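Below is one structure, written out as structure tokens; comments come after it.
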């Protein structure tokens, strides 16, 4: 079990950094992903690639976090997110690139959870629309429509902030 965690921890942390509001939240999300992995091992189909199955678990963990965070934000004041990722999962060594990544993360945080997840997986993680549709049991047409709507909402946010 330890070997599985060590082998996949960095990839899971890179994916979940895009979902987390702080380094503590990132640690919790990574831990939750591996707990779900252990609980779900009996349902894993050996003909499925293990890494793909584990990334699906991580994606669902991040998506659940988005949902919980959105509900919690409605009822409680929370501190501002720590926008800088931990060094181990920092996607950009260059300070300018890191600032851009943090700006993208801030913009995505303003979107509803499903749209955030969709744009994160498609544009930042490179998942195809068909893969996302399978992940969430959506039709390909519905996934394309949701992506179009999410981009439109993101474009409106960029216009509101005079970034376009």
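The values are calculated or read from the model by the stated rules, or taken from the named source; none is laboratory data. Bear in mind the structure is a predicted one, so any value in this text is a computation, not a measurement. So basically every Cβ, Gly included, is an ideal-geometry build from the backbone, and we count neighbours across all protein chains shown.
Might you check whether a residue that is at pLDDT 80 or above and assigned by TED's automatic domain parsing to the domain that holds residue 134 occurs anywhere in the stretch 43-63? No; the residues of the stretch 43-63 include none that is at pLDDT 80 or above and assigned by TED's automatic domain parsing to the domain that holds residue 134.
Here residue 99 meets each of (1) at pLDDT below 85; (2) surrounded by 15 or more Cβ atoms within 10 Å (Cβ to Cβ) with one exception, condition (2). Residues of the stretch 123-156 that are modelled with pLDDT under 90 and either part of a helix (DSSP H, G or I) or more than 20 Å from residue 69 (Cβ to Cβ) (or both): 123, 124, 126, 127, 131, 132, 133, 134, 135, 136, 137, 138. Out of the residues in the stretch 13-46 that are outside any helix (DSSP H, G or I) and touching a helix residue (DSSP H, G or I) at 6+ places or on another chain (Cβ under 9 Å), which is farthest from residue 69 (Cα to Cα)? Across the stretch 13-46, the extreme among qualifying residues is 45.
Within the stretch 69-90, count every residue that is at pLDDT 55 or above and farther than 13 Å from residue 116 by Cβ.
Counting residues in the stretch 69-90 that are at pLDDT 55 or above and farther than 13 Å from residue 116 by Cβ gives 0.
Taking the criterion of being outside the structural domain of residue 59 (by TED's automatic domain parsing) and in contact with a helix residue (DSSP H, G or I) (Cβ under 6 Å, 6 or more places away or on another chain), would at least one residue in the stretch 95-107 satisfy it? Checking the stretch 95-107: at least one residue is outside the structural domain of residue 59 (by TED's automatic domain parsing) and in contact with a helix residue (DSSP H, G or I) (Cβ under 6 Å, 6 or more places away or on another chain).
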